[in-house]
Each structure stands twice: as structure tokens, then as C-alpha cells.
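Inspection log for the structure reproduced underneath, given as C-alpha cells.
The values are calculated or read from the model by the stated rules, or taken from the named source; none is laboratory data. Computed from a predicted structure; not experimentally measured. For neighbour counting, all protein chains shown are included, and Cβ atoms are generated from backbone atoms with ideal geometry for every residue, glycine included. Heads up: the accessible areas ignore ligands, DNA and RNA and are worked out on the full protein's heavy atoms, side chains in. Shrake-Rupley method; radii C 1.70, N 1.55, O 1.52, S 1.80 Å.
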Amino acid sequence: MTPVTRQEVLGLYRKIFRIAKKWQSASGQIEETIQEKEYIKNEAKTLFRKNKNVTDPKLIKQCIEECEARIEIGLHYNIPYPRPIHLPPMGLAHKQGRMLRHQEKLRKISKPIYLKSHDEVS
């Protein structure tokens, strides 16, 4: 990792924790705000630790772009969780019987394009 890339990654890490410190939930409820702050911190720690040994410059760049996208989308929508943007109609049917496999398939399809790491962590 080049020194410039290292600084960029550490800067993103600090930025995420600054965002978490100032975060306010959309509902304004204290419990929900605390829960969302913890989610932001835990998600950042998990993903950064998981990717700490990545040495391929292309993969590092891809991780940085994903991080920046998640930050921007989270701030824009005021939701720290990944947003399923391609959820087909009736994708949230009841979780029982034969529909369970179909629903799991629909949820997998609905994974946001910008989000490569969500399946492996969550």
C-alpha cells in the first residue's frame, strides 16, 4: 500500500467515526440513534479489519469507492444501513413454506450494485 493510499484509507476511517459521533436518526428517538451509531462503528471496524491485508491496488481502490459510496448514500438518505435498490415487487412476502427460498433469492438479487462486502459481513 502506498503512503498516499494509506492516508486515504485512514482518512475514511476517521471520517466514518466522526459521522457516527454526530449521527442523528431520522426518527429522532434516542434509542434508535444509539443503535444506528453502534451499527456504523461496528460495520466500519468489521470491514476495515477484514480488508486490512488487501494488497492489490485495484481491490483497494474498489474498497475505497464502496466506502465513499456508502458514506454518501447514508448521509443523503439519513439511513446507515445498506439500501436494497432493486427489490422486485412482492419481495417481502411472508417467510414460510415454499416462498422462503424464493424470498431469499429475491433478497440476494436486491443487493445494491455498489455493495460488495455486505453478504460476507452481515
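What to note about this one:
- Lone unmet requirement of (1) part of a helix (DSSP H, G or I); (2) touching a Phe, Trp or Tyr at 6+ places or on another chain (Cβ under 7 Å) for E32: (2)
- Members of region 23-81 found to be under 18 Å from G11 (Cα atoms) and among the small types (G, A, S), listed by number: A44, A69, G74
- Of all residues in region 51-68, those satisfying the criterion of being open to solvent by less than 60 Å² (accessible area, probe 1.4 Å) and either among the hydroxyl-bearing types (S, T, Y) or part of a loop (DSSP other than H, G, I, E, B) (or both) are N51, V54.
- Residue among Q24, Q29 that alone is open to solvent by 80 Å² or more (accessible area, probe 1.4 Å) and under 12 Å from N78 (Cα atoms): Q24
- Y81 being among the aromatic types (F, W, Y), over 26 Å from P3 (Cα atoms), modelled with pLDDT of 90 or more and within 12 Å of the chain's Cα centre (by Cα): no
- Among the residues of region 38-50, those identified as touching a residue at least 24 places away in the same chain (Cβ under 8 Å) and open to solvent by 30 Å² or more (accessible area, probe 1.4 Å) are Y39, K41, T46, F48, K50.
- Those residues of region 4-21 which are open to solvent by 100 Å² or more (accessible area, probe 1.4 Å) and farther than 15 Å from I79 by Cα, in sequence order: V4, R6, Q7, R14, R18
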